[in-house]
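The values are calculated or read from the model by the stated rules, or taken from the named source; none is laboratory data. Model, not experiment: these values are computed from the prediction. We place every Cβ from the backbone using ideal geometry, glycine too, and count neighbours over all the protein chains shown.
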Amino acid sequence: MSLNEVLFTISGQDFTLGQLVIIPTVLIVGYLVIRWIARIITVRLVARKMQPDTVHLIRRIFYIAALVVLAITTLELLNVPLTAFAFVSGAIAIGVGFGAQNIINNFISGWILMWERPIRIGDFLEVGDAYGTVESINTRSTLIRRTDGVHLLIPNSALLENTVVNWTLIDDLARTKVRVGVAYGSPVKRVAELIRQATEEQEATLDDPAPVVLFEDFGDNALVFDVFFWINAVGERDLRAIRSDIRFRISELFEANNIVVAFPQSDVHLDGSLTLLNQPAE
């Protein structure tokens, strides 16, 4: 059997044995070459210390462009004109438009995120009640690793349409606070000194800007103090763990200096006299 022998004909287009043998080989080899080139591009861009989201965007553009070239080359080998797909592509476009609006919306949103870069790989985000680091921006969704290690898949359109707090959009600096209440009668200046000491002793807090202790309020049951401090908001660091360490140290310093942490309490005043209903038997 010759490689040029026609096996079947579709819509007036002949397909030979040679084409059926060559085409799978071209597709497999072409895909492997594309992956190899993409890997080389990624390694070189990383070596130049480019940002991860920029590397991800360039690699995605290269993949799409290379696959389009591979598809056109395959059609040329089959002697299939591109105009043959005009009607089919129009029907597919109409069907996709009606049946996959959310997918298209998330796809376009993903490209907007990668192009405009309001959210980048490695950014530390606050999405609703969740805190986490962006690990990848994919075609349909963005992968975020929360501070507790759980992964979140958030649709790309949700990140554009809803409010998202990006802690590291401009820089890694972020400010947080710890609140503590002490009993009335405590030496307030000494309390402020101890709170500042407990905060400055933590390695996670920054010296510049320095921590600030404020006498916030005369509360119902306590004298309220707030300490504000700055940290590098990296994804591996749990904000709650930092605040917890500071509270532990504040408790130790207060105990050593006989300062009482306030707790809710109420004074009850009774008018009149008390009568015992059940008197003990003699």
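Criterion applied to Ile154, Ile104 was being over 20 Å from Ile231 (Cβ atoms) and modelled with pLDDT of 85 or more, and the one residue passing it is Ile154.
Restricting attention to the stretch 218-230 and to residues that are surrounded by 13 or more Cβ atoms within 10 Å (Cβ to Cβ) and part of a strand (DSSP E or B), the residue that is farthest from the chain's Cα centre (by Cα) turns out to be Leu223. Whether any residue in the stretch 199-212 is assigned to a strand (DSSP E or B), modelled with pLDDT under 90 and outside the structural domain of Leu57 (by TED's automatic domain parsing) is what I want to check. Yes, that holds for at least one residue. I'm trying to understand the selection: among the residues of the stretch 120-162, which are touching a strand residue (DSSP E or B) at 6+ places or on another chain (Cβ under 6 Å) and part of a loop (DSSP other than H, G, I, E, B)? Selection gives Ile121, Asp123, Thr147.
Among residues belonging to the stretch 101-143 that are in contact with a Phe, Trp or Tyr (Cβ under 9 Å, 6 or more places away or on another chain) and not aromatic (Phe, Trp, Tyr), point out the one that is farthest from Thr54 (Cα to Cα). Walk me through it before giving the result.
To start, the set of residues in the stretch 101-143 that are in contact with a Phe, Trp or Tyr (Cβ under 9 Å, 6 or more places away or on another chain) comprises 123-126, 131-134, 139-140.
From the residues that got through so far, the ones that are not aromatic (Phe, Trp, Tyr) too are 123, 125-126, 132-134, 139-140.
On the way: Asp123: 13, Leu125: 18, Glu126: 22, Gly132: 20, Thr133: 17, Val134: 14, Thr139: 15, Arg140: 18 Å.
Applying the filter and picking the extreme gives Glu126.
Within the stretch 165-197, the residues that satisfy the criterion of being part of a loop (DSSP other than H, G, I, E, B) and surrounded by 18 or more Cβ atoms within 10 Å (Cβ to Cβ) are Trp167, Thr168, Ser186. Selection of the stretch 59-85 for residues being polar (S, T, N, Q), modelled with pLDDT of 65 or more and over 30 Å from Trp115 (Cβ atoms) yields only Asn79.
Just one of (1) at pLDDT 75 or above; (2) surrounded by 11 or more Cβ atoms within 10 Å (Cβ to Cβ); (3) not polar (S, T, N, Q) fails for Ile40. It is (2). If only residues of the stretch 241-265 that are more than 18 Å from Thr176 (Cβ to Cβ) and surrounded by fewer than 13 Cβ atoms within 10 Å (Cβ to Cβ) are counted, the one that is nearest to the chain's Cα centre (by Cα) is Glu252.
Quickly run through the stretch 219-255 and pick out the residues that are among the polar types (S, T, N, Q) and modelled with pLDDT of 85 or more.
At the first step, the residues of the stretch 219-255 found to be among the polar types (S, T, N, Q) are 221, 232, 244, 251.
Ser244, Ser251, listed by residue number.
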